[in-house]
1. Among residues other than Thr25 whose Cβ falls under 10 Å from its Cβ, what is the net charge (Lys/Arg +1, Asp/Glu -1)?
2. In whole Hz, with x marking every Gly and Pro, tabulate ³J(HN,Hα) for the stretch 60-68 from phi via Karplus 6.51 cos²θ - 1.76 cosθ + 1.60, θ = phi - 60°.
3. Based on a Kirkwood Rh over C-alpha pairs, give the Stokes-Einstein translational diffusion coefficient of the stretch 5-63 at 20 °C and viscosity 1.002 mPa s in µm²/s.
4. What spacing in nm lies between the two simple spin-label points modelled at Trp12 and Glu39, each 7 Å away from Cα in the Cβ direction?
5. Return the distance in nm (one decimal) between the two label points of a simple spin-label model at Gln22 and Thr67, each offset 7 Å from Cα along Cα→Cβ.
6. In percent, what relative contact order does the chain have, based on Cα pairs under 8 Å that are 6 or more apart in sequence?
7. Treat every Asp and Glu Cβ in the chain as -1 and every Lys and Arg Cβ as +1, leave all other atoms uncharged, and give the resulting dipole magnitude about the Cα centre to the nearest 20 debye.
Amino acid sequence: MAAGGGYIRRTWTIEDPYWNIQKCTQTIYIGSPGGVFKESNIHWPKKEITLVGCDPNTDPSVTGEPTL
């Protein structure tokens, strides 16, 4: 991958009931607006959280999750 972005290609192959091979390729571009991805492009949730009990809710809707 070049600095600032690149492509991921993944391919699935399957055989149908009539012994025909079917193939599909997905291309995903990874990059950021402006071309250069920096740590400052990530918006982190709170640095520290307090979870209480033996089975705390750790769902990202509670704990927070990073956004780009």
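1. Net of charged neighbours comes to +3.
2. Along the stretch 60-68, the couplings run x, 5, 9, 7, x, 8, x, 10, 10 Hz.
3. Taking Rh from Cα pairs, D becomes 129 µm²/s.
4. It works out to 3.8 nm between the two label points.
5. It is 3.8 nm.
6. 28
7. Once rounded to the nearest 20, the dipole reads 360 debye.
Bear in mind that the values in this text are calculations on the coordinates, not laboratory data. Remember, predicted model here, so these are calculated numbers, not experimental data. Cβ sites come from the backbone with ideal geometry, for glycine too, and all protein chains shown count toward neighbours.
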